[in-house]
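Report on one structure; see the data block that follows.
The values are calculated or read from the model by the stated rules, or taken from the named source; none is laboratory data. Everything numeric in this text was worked out from a predicted model, so none of it was measured. Methodologically, a virtual Cβ is constructed for each residue, glycine included, from the backbone with ideal geometry; neighbour enumeration extends over all protein chains shown. Heads up: the accessible areas ignore ligands, DNA and RNA and are worked out on the full protein's heavy atoms, side chains in. Shrake-Rupley method; radii C 1.70, N 1.55, O 1.52, S 1.80 Å.
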Amino acid sequence: MPKKKPASQADSKCTILVCHGTGCVSGGAFKIREALEKKVAELDLKGVAVDFTGCHGFCQQGPIAVVEPEGIFYTHVTVKDVPEIVESHLRDGKPVARLFYRDPVSDEAIPLYKDIPFYNRQKRIILRNCGHINPERIGDYIKTGGYQSLRKALLDMTPEQVIDEVKRSGLRGRGGAGFPTGQKWEFCYKAPGDQKYMICNADEGDPGAFMDRSTMEADPHTVIEGMIIAAYAIGASEGYIYIRAEYPLAVKRVRLALKQAEKEGFLGENILESGFNFHIHVKEGAGAFVCGEETALMASIEGKRGMPRPRPPFPAQSGLWGKPTNINNVKSLATVPVIIANGAEWYAQIGTEKSKGTAVFALTGKIANSGLVEVPMGFPLQEIIYGIGGGIPNGKRFKAVQTGGPSGGCLPASLLNLPVDYETLAQAGSIMGSGGMVVMDEDTCMVDVARYFLSFTQDESCGKCVPCRLGTKQMLDILNDITHGRGSMEDIDLLLKLSEQIKAGSLCGLGQTAPNPVLTTIRYFRDEYEEHIKKHHCRAAVCEGLVSAPCSHICPAGIDVPKYIRFIGEGKPAEALAVIREKIPFPAVCGLVCFHPCEAKCRRGQLEEAIAIRMLKGYAAKHDNGLWKENIRTAPDTGKRVAVVGAGPAGLTAGYYLARRGHSVTVFEALPEPGGMMRVGIPDYRLPKDILKSEIKEIEDAGVEIRTSTRVESIDELFKEGYNAVFVATGAHQGMKIGVKGESSRGVMDCAEFLRNVSLGKEVEVGDKVAVIGGGNAAIDAARTALRLGAKEVNIVYRRTRAEMPANPEEVEEAVAEGASVDYLVAPYRIKGHNGWVELESQRMELGEMDSSGRRRPEPVEGSQFTTSYDTIIAAIGQRPEVPERFNISLGRGNIIEVDPDTLATSREGVYAGGDAASGPASVIEAIAAGRQAAVSIDKYLGGKGDIEETLAPPEGEIAPLEEAEEQWRPKMPTVPVKKRLDNFNQVELGYDDKAAIEEAKRCLRCDLEERE
């Protein structure tokens, strides 16, 4: 519907409109408008008007100001910005670019609101006037065509015709149930009675939802007009707008709008001289969530406690004070004037076959663009979250979205292509609800989410029916147990059973839908429940009953990170190393190459930047004075023998801890030197050989025998030699095929073999021009290695975007600094040799629909094929294990050894497996953790207790009080200048000195010492 210029602005050349929705008002919008008015008057700017509107819906960007008719959109405006806006833009015609909206993906500054994806991808019908008119002037609404639909309905249509028009439009209730609106009106219209009531349900109580509030604040007359039309259709003479008192601005504007409508003859006696009488009253609710249920709402209007009652009779037969009553949601009523104005056929063309029109959502949570979103029914979740919402901020991965408010279900990444409509959401286990949509990222614990929303519905239960009152309490108790490490596996089935009973036996919609978050999180994220119960592990590191410090909790090996950082801050690196050594035998290695998941969970990162945990570990390892050895204890000889196949991080770690438990351990390694992928997969410039050898020497000193150049082909032979248990940790050394024609051509190398040959000192020639296909750490290592071998041009080819690249960001940055280039969204499809070159035929890609992992699937761009010639192409798309057939153990997809996830036991008695061989390619720290887990299981199998825990560090002294945190970024890691790197494999990172390490350690917030309830 085209917007006409309000009368108040008709004589102005331009008008600056300041948003006066609740969000912007809380940010100082009143003062901003006053400052604008004062400055415009001070400069005596003729033809410039200052006005205000209701909520734009883009609350995250507020306070918002828009200059019309240009449509310049200013964000995060403050009073301090006013002089520049008035002088530069309103006087001199130069918009203030620094206040433009910036796209969260491209960082592009977008000056016009019509060009902002958040707006231009929506289809605004319910929100059509929001942000465009002054909600406190009825004239503005009338200028947009307001109250013309009422005039048409009253003067040109009968009640039956109005009802038929709404029925044919397909409009369904937007309050959550989705019942056909026209049919609901018809029931009430046909109900006998001399007094009927029309109620607008504006009791919006969902956490994070503000669709109805914003509509009433920004366009109250559209709701009133729709309500009057509905009253005419059913024959009601009295109406109530039930709105919670917690919405003071909405209450104020609704009351003002009612007075204006009555003054203009749109409300009251003999409306528009039609003979129809209708009066509207405002009832302010006290905030009980259950009063959103229509029978509880009516009880509240009657002055009773807001509690639902059984149905039938339905409100259409016996509602408010026993009279026929119709109740509609704010959004439903706001749609009615548009349907009457444009016709049922026009509206029915929007949406899906069964879900017509548009839906409004309050898009909140871990989303770049939060605010009000209106889209056609059937619009994909992916487009709402990524197209309009701008995706997940801070480079995080999407995890789930909850639709429908606190009683809605949580849907995983695999369902992002789901169309949003009543039927589809119900099939997935969720609901449309009144329009809440909460986005969650990888830092969200789904068990905790279920507990949070259930705690809300349990608190809001009116207590009238037993299933809801006691059932939700019992479910909440179980969830609290699980999130505090007291749960059992039987609890999951009990939650499912209780959920079904509560849904079946509850009196109203609150109880009937309250279990949805639990049902869907178990359905789609059951593994997280099992981790909480079996391992007392919360992968998001948020459950306070399980998590002391997020960094330690998320560390695969469970290193006490805050403790060793405190020691460093006190100038005690040797003591810090002892803490690290309590959990891992490779502190120096991890200090250089760990992918540091701990830093991703570091709470300091919420202030400015995470603690440099990996770098501090490396600092501690460099200050090894042997202190950690003073408390080493080795158990007496058990007489048991363990064979470890593979001298990588998993195998050596298992061997180390089993030797400490008194077992005789022999490690068999096929390569000429121990270390596995640490030795042959990670180049020396990242992990020098002498550092690795030194830490392996400590493992040998613990009693572990390592036999290199010894390939094991049969586990049976090991048992025949007298070994009592076997741990298979052979890694994943076999490179995977790209899957394109010609990949066996001369000049094409496998990345794993390439890095292995270089590491072992074999001569490798790559030529001047090299392509590396892949986006993981191995691909980056291959690129940087090729540069050191003399390549003049190295191009990394990756089929996705930088945000999806699995390689560590700092490694990618170093590769680019050294001269490598990265070609994103490019996929090879053929390789062929030509005139001594290797030609790589590729095509450009673009991101399409989401795949099951929550990433947008790359799709070919038609006509984008191109060919590039190289001396060498290195395929780095992954590795897989090589497991000898005579091992006779069960293998899964990708040749990965199948193991019990809790014990690492294989299909053979006494045989265990871990590391890359059982998980697929992972990281050093994950392999170390698998080695620890294997040591526990094997020790138990051999008759021990499986206790490998050690206390090597001395007790901490008195801990000084934590000073108030001020913004402070981590010290930059000193590195060898780029010009001095490329002709050698010397270590690039030089490490922190004492001053930098202590300074960085003191930034730690000491989360492990936090007082908890």
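From Asp637, Asp684, Asp624, which residue is without any contact (Cβ under 8 Å) to a residue 40 or more places away in the chain and in a loop (DSSP other than H, G, I, E, B)? Walk me through how you get there before you give the answer.
Values: Asp684 fails: without any contact (Cβ under 8 Å) to a residue 40 or more places away in the chain; Asp624 fails: without any contact (Cβ under 8 Å) to a residue 40 or more places away in the chain.
Just a single option satisfies the conditions, and that option is Asp637.
Name the residue that is nearest to Ala296 (Cα to Cα), counting only residues in segment 447-485 that are within 27 Å of the chain's Cα centre (by Cα) and open to solvent by 60 Å² or more (accessible area, probe 1.4 Å).
Across segment 447-485, the extreme among qualifying residues is Asp459.
Which of the residues belonging to segment 764-776 are open to solvent by 20 Å² or more (accessible area, probe 1.4 Å) and either of a type in the set (Asp, Glu) or touching a helix residue (DSSP H, G or I) at 6+ places or on another chain (Cβ under 6 Å) (or both)?
Those that are open to solvent by 20 Å² or more (accessible area, probe 1.4 Å) and either of a type in the set (Asp, Glu) or touching a helix residue (DSSP H, G or I) at 6+ places or on another chain (Cβ under 6 Å) (or both): Val764, Glu765, Asp768.
Tally up the residues in segment 256-274 that are among the small types (Gly, Ala, Ser) and free of Cβ contacts under 8 Å to residues at least 12 places away in the same chain, please.
Final tally of qualifying residues: 2.
Results for (1) more than 15 Å from Ala929 (Cα to Cα); (2) open to solvent by 10 Å² or more (accessible area, probe 1.4 Å); (3) in contact with a Lys or Arg (Cβ under 7 Å, 6 or more places away or on another chain), shown as yes or no for each residue.
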position: Arg633; (1), (2), (3): yes, yes, no
position: Ala650; (1), (2), (3): no, no, no
position: Gly655; (1), (2), (3): no, no, no
position: Arg660; (1), (2), (3): yes, yes, no
position: Glu673; (1), (2), (3): yes, yes, yes
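Taking only segment 952-980 into account, find how many residues are in a loop (DSSP other than H, G, I, E, B), open to solvent by less than 100 Å² (accessible area, probe 1.4 Å) and either among the acidic types (Asp, Glu) or out of contact with any Phe, Trp or Tyr (no Cβ under 8 Å at 6 or more places or on another chain) (or both). Please lay out each step first, then the result.
Here is the first cut: in segment 952-980, the ones in a loop (DSSP other than H, G, I, E, B) are 952-974, 976-977.
Those left that are additionally open to solvent by less than 100 Å² (accessible area, probe 1.4 Å): 952-954, 956-957, 959-960, 962, 965, 968, 970-971, 973-974, 976-977.
Filter once more, so that each one left must be either among the acidic types (Asp, Glu) or out of contact with any Phe, Trp or Tyr (no Cβ under 8 Å at 6 or more places or on another chain) (or both): 954, 956-957, 959-960, 962, 965, 968, 970, 976-977.
Final tally of qualifying residues: 11.
Would you mind finding the one in Glu859, Glu849, Glu926 that is modelled with pLDDT of 95 or more and under 32 Å from the mean Cα position of the chain (by Cα)? Walk me through how you get there before you give the answer.
Values: Glu859 fails: modelled with pLDDT of 95 or more; Glu849 fails: modelled with pLDDT of 95 or more.
That would be Glu926, the only listed residue that is modelled with pLDDT of 95 or more and under 32 Å from the mean Cα position of the chain (by Cα).
Could you tell me whether any residue of segment 786-808 is free of Cβ contacts under 8 Å to residues at least 24 places away in the same chain, open to solvent by 20 Å² or more (accessible area, probe 1.4 Å), more than 30 Å from Asn417 (Cα to Cα) and not in a strand (DSSP E or B)? Show your work before the answer.
Residues of segment 786-808 that are free of Cβ contacts under 8 Å to residues at least 24 places away in the same chain, as a first pass: 802.
Add one more test, that the residue is open to solvent by 20 Å² or more (accessible area, probe 1.4 Å), and what stays is 802.
Keeping just the survivors that are more than 30 Å from Asn417 (Cα to Cα) gives none.
No, segment 786-808 has no match at all.
Quick check on my filter: what residues within segment 513-536 are more than 22 Å from the chain's Cα centre (by Cα) and surrounded by fewer than 19 Cβ atoms within 10 Å (Cβ to Cβ)?
Lys534, Lys535, His536
β-branched (Val, Ile, Thr) and modelled with pLDDT under 95: is that true of Val579 in this structure?
Working: β-branched (Val, Ile, Thr): yes; modelled with pLDDT under 95: no.
Here the answer is no, as Val579 does not meet what is asked.
Out of the residues in segment 47-78 that are surrounded by fewer than 20 Cβ atoms within 10 Å (Cβ to Cβ) and either of a type in the set (S, T, N, Q) or over 14 Å from His89 (Cα atoms) (or both), which is modelled with the lowest pLDDT?
The residue in question is Gln60.
Give me the residue from segment 734-750 that is among the β-branched types (Val, Ile, Thr) and under 38 Å from the mean Cα position of the chain (by Cα) and, out of that set, farthest from Pro688 (Cα to Cα).
Of segment 734-750, the ones among the β-branched types (Val, Ile, Thr) are 738, 740, 748.
Filter once more, so that each one left must be under 38 Å from the mean Cα position of the chain (by Cα): 738, 740.
On the way: Ile738: 30, Val740: 35 Å.
Step by step, filter segment 734-750, then rank; the result is Val740.
Just checking, does segment 420-439 include any residue being touching a residue at least 12 places away in the same chain (Cβ under 8 Å), under 23 Å from Ser548 (Cβ atoms) and among the hydroxyl-bearing types (Ser, Thr, Tyr)?
no
Consider Gly408 carefully, then state whether it is surrounded by 21 or more Cβ atoms within 10 Å (Cβ to Cβ), under 18 Å from the mean Cα position of the chain (by Cα) and modelled with pLDDT under 90. Steps first, please.
On the way: surrounded by 21 or more Cβ atoms within 10 Å (Cβ to Cβ): yes; under 18 Å from the mean Cα position of the chain (by Cα): yes; modelled with pLDDT under 90: yes.
When the stated conditions are applied, Gly408 passes them.
Taking segment 690-743 on its own, how many of its residues are open to solvent by less than 30 Å² (accessible area, probe 1.4 Å), polar (S, T, N, Q) and within 23 Å of Val936 (Cα to Cα)?
Residues flagged as open to solvent by less than 30 Å² (accessible area, probe 1.4 Å), polar (S, T, N, Q) and within 23 Å of Val936 (Cα to Cα) within segment 690-743 amount to 0.
Run down Ala934, Ala965, Ala922, Ala930 and say which single residue is touching a strand residue (DSSP E or B) at 6+ places or on another chain (Cβ under 7 Å) and among the aliphatic types (A, V, I, L, M).
Values: Ala965 fails: touching a strand residue (DSSP E or B) at 6+ places or on another chain (Cβ under 7 Å); Ala922 fails: touching a strand residue (DSSP E or B) at 6+ places or on another chain (Cβ under 7 Å); Ala930 fails: touching a strand residue (DSSP E or B) at 6+ places or on another chain (Cβ under 7 Å).
Among Ala934, Ala965, Ala922, Ala930, only Ala934 is touching a strand residue (DSSP E or B) at 6+ places or on another chain (Cβ under 7 Å) and among the aliphatic types (A, V, I, L, M).
Kindly indicate whether Asp194 is of a type in the set (Asp, Glu) and either under 21 Å from Ile280 (Cα atoms) or open to solvent by less than 10 Å² (accessible area, probe 1.4 Å) (or both).
Working: of a type in the set (Asp, Glu): yes; either under 21 Å from Ile280 (Cα atoms) or open to solvent by less than 10 Å² (accessible area, probe 1.4 Å) (or both): yes.
So Asp194 passes the test.
Okay, residues lined up against (1) open to solvent by 10 Å² or more (accessible area, probe 1.4 Å); (2) under 24 Å from Cys55 (Cβ atoms); (3) of a type in the set (S, T, N, Q):
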| site | (1), (2), (3) |
| --- | --- |
| Thr364 | yes, yes, yes |
| Tyr386 | yes, yes, no |
| Asn417 | yes, no, yes |
| Val420 | no, yes, no |
| Leu425 | no, no, no |
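Looking at Glu753, Glu811, which one is within 27 Å of the chain's Cα centre (by Cα) and outside any loop (DSSP other than H, G, I, E, B)?
Glu811
May I ask you to list the residues in segment 213-259 that are closer than 17 Å to His20 by Cβ, more than 36 Å from the chain's Cα centre (by Cα) and open to solvent by 10 Å² or more (accessible area, probe 1.4 Å)?
Within segment 213-259, Lys252, Arg255, Leu256 meet the criteria.
In this structure, does Leu510 turn out to be touching an Asp or Glu at 6+ places or on another chain (Cβ under 8 Å), among the aliphatic types (A, V, I, L, M), assigned to a helix (DSSP H, G or I) and in contact (Cβ under 8 Å) with a residue 60 or more places away in the chain? First the steps, then the outcome.
Details: touching an Asp or Glu at 6+ places or on another chain (Cβ under 8 Å): yes; among the aliphatic types (A, V, I, L, M): yes; assigned to a helix (DSSP H, G or I): yes; in contact (Cβ under 8 Å) with a residue 60 or more places away in the chain: yes.
So Leu510 fits the description; yes.
Out of Gly93, Gly145, report the one residue that is out of contact with any helix residue (DSSP H, G or I) (no Cβ under 6 Å at 6 or more places or on another chain), touching a residue at least 12 places away in the same chain (Cβ under 8 Å), part of a loop (DSSP other than H, G, I, E, B) and of a type in the set (Gly, Ala, Ser). Please lay out each step first, then the result.
On the way: Gly93 fails: touching a residue at least 12 places away in the same chain (Cβ under 8 Å).
Gly145 is the lone residue from the list that is out of contact with any helix residue (DSSP H, G or I) (no Cβ under 6 Å at 6 or more places or on another chain), touching a residue at least 12 places away in the same chain (Cβ under 8 Å), part of a loop (DSSP other than H, G, I, E, B) and of a type in the set (Gly, Ala, Ser).
Taking Ser414, is it over 30 Å from His76 (Cβ atoms), among the hydroxyl-bearing types (Ser, Thr, Tyr) and not in a helix (DSSP H, G or I)? Break it down into steps so the answer makes sense when it comes.
On the way: over 30 Å from His76 (Cβ atoms): yes; among the hydroxyl-bearing types (Ser, Thr, Tyr): yes; not in a helix (DSSP H, G or I): no.
The answer is no for Ser414.
What number of residues in segment 46-77 are touching a helix residue (DSSP H, G or I) at 6+ places or on another chain (Cβ under 6 Å) and farther than 26 Å from Ser370 by Cβ?
Qualifying residue count, segment 46-77: 3.
Just give me the residues in segment 296-315 being surrounded by fewer than 22 Cβ atoms within 10 Å (Cβ to Cβ) and closer than 22 Å to Gly182 by Cα, in sequence order.
If the condition is that a residue be surrounded by fewer than 22 Cβ atoms within 10 Å (Cβ to Cβ) and closer than 22 Å to Gly182 by Cα, then Arg311, Pro312, Pro313, Phe314 are the ones that fit.
With respect to Pro324, determine if the residue is buried (at least 20 other Cβ atoms within 10 Å of the Cβ) and within 27 Å of Thr358 (Cβ to Cβ). Talk me through it step by step, then tell me what you get.
On the way: buried (at least 20 other Cβ atoms within 10 Å of the Cβ): yes; within 27 Å of Thr358 (Cβ to Cβ): no.
Answer is no for this residue.
Has segment 125-135 got at least one residue that is over 30 Å from Ala230 (Cα atoms) and either in a helix (DSSP H, G or I) or touching a residue at least 60 places away in the same chain (Cβ under 8 Å) (or both)?
So the first thing to find is which residues in segment 125-135 are over 30 Å from Ala230 (Cα atoms), and the list is none.
Within segment 125-135, none of the residues are over 30 Å from Ala230 (Cα atoms) and either in a helix (DSSP H, G or I) or touching a residue at least 60 places away in the same chain (Cβ under 8 Å) (or both).
Anything in segment 111-122 that is surrounded by 17 or more Cβ atoms within 10 Å (Cβ to Cβ) and within 25 Å of the chain's Cα centre (by Cα)? List them, or say none.
Matches in segment 111-122: Ile116, Pro117, Phe118, Tyr119, Gln122.
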